[in-house]
Structure formats: C-alpha cells, structure tokens
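Report on the structure given below.
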Amino acid sequence: MARFQATKMRHRIEILEKSVTQNSAGEEVITWSGVGDYWASVEPIRGREFVEMRQGQAEITTRIRMRFRDGIKATHRVRYDGRLFEIQAPPINVNELNRELDLMCSEREDY
C-alpha cells in the first residue's frame with residue numbers, strides 16, 4: 001500500500017463556499033466566502049489522462065489533492081495563487097482510506 005506523502009502537498013489553497021442572499025430589490029446576490037486554508041498538491045492534468053477525463057464531463061484541467069476533510073463538496077470552489085478553480089465532480093476519497101481527497105477541477109477564466 002502506498003504511503004501518504006504529505007511533503008508533496010506544498011501548495012496553500014483556500015476552499016470557498018457559495019452563499020445566496022437577496023438585495024433590497026429582491027435580486028439574488030451570490031458571494032463566495034472562505035471555509036478553510038489547506039496544504040495541497042495542485043497538478044495539471046496532461047496527455048492521455050486529460051483526454052480520458054474530458055470524455056463525458058466538463059473539461060477537467062487540474063487535480064488538487066489534499067488531506068481528507070469531511071464536508072468538501074463539488075459545490076465548493078478552490079482559490080490557489082490568485083486563480084480560481086471549480087470542482088467538477090464529487091471529491092474522490094483516494095482508496096477509501098479517509099486520508100486524501102482528489103478534487104477534479106477546471107480553472108475559471110473569468111475570475
């Protein structure tokens with residue numbers, strides 16, 4: 001069994017959660033607030049793996065691997081180094097060991 005390698009998690013990310021409120025005119029206002037900062041590995045998807053990921057899904061460009069945390073959802077976003085990533089699928093509990101989560105993400109260009 002592969003051993004958990006925390007040393008590969010050298011990128012600091014922020015998990016963001018969406019909240020919807022209404023302004024005085026009754027219009028929806030969407031805001032994103034931070035729910036936590038975590039160490040992670042931010043890895044661009046390349047080559048064959050990228051082609052496989054694109055089949056039948058939104059374009060996934062980046063895998064973010066972090067320590068396991070309950071409550072991380074596909075509705076969250078990730079902020080890293082001034083960039084914003086949308087989580088495209090439910091987080092993957094790597095090998096079902098509750099040690100690592102893989103977040104399959106696409107980078108937002110309009111951030």
Discussion item. Return the pair list, or none, for Cβ contacts closer than 6 Å from residues in segment 20-34 that are touching a residue at least 60 places away in the same chain (Cβ under 8 Å) and among the polar types (S, T, N, Q) to residues that are loosely packed, with under 10 Cβ neighbours inside 10 Å and not in a strand (DSSP E or B), at least 6 apart or on different chains.
Written reply: none
Practice prompt. May I ask you to verify whether G47 is over 19 Å from V94 (Cβ atoms) and modelled with pLDDT under 95?
Written response: yes
Worksheet item: outside any strand (DSSP E or B) and modelled with pLDDT of 90 or more - does that describe any residue in segment 8-22?
Response: yes
Discussion item. Looking only at segment 66-76, count every residue that is surrounded by fewer than 18 Cβ atoms within 10 Å (Cβ to Cβ) and under 10 Å from the mean Cα position of the chain (by Cα) and tell me the total.
Written reply: 3
Worksheet item: How do the pairs read when you match residues in segment 67-82 that are closer than 13 Å to D37 by Cβ with residues anywhere that are aromatic (F, W, Y) and in a strand (DSSP E or B), using Cβ under 6 Å and keeping only pairs 6 or more apart or on different chains?
Response: V78/F85
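The values are calculated or read from the model by the stated rules, or taken from the named source; none is laboratory data. From a predicted model like this one, the values you see are computed outputs, not experimental measurements. Neighbour counts are summed over all protein chains in view; Cβ atoms, including those assigned to glycine, are modelled from backbone coordinates with ideal geometry.
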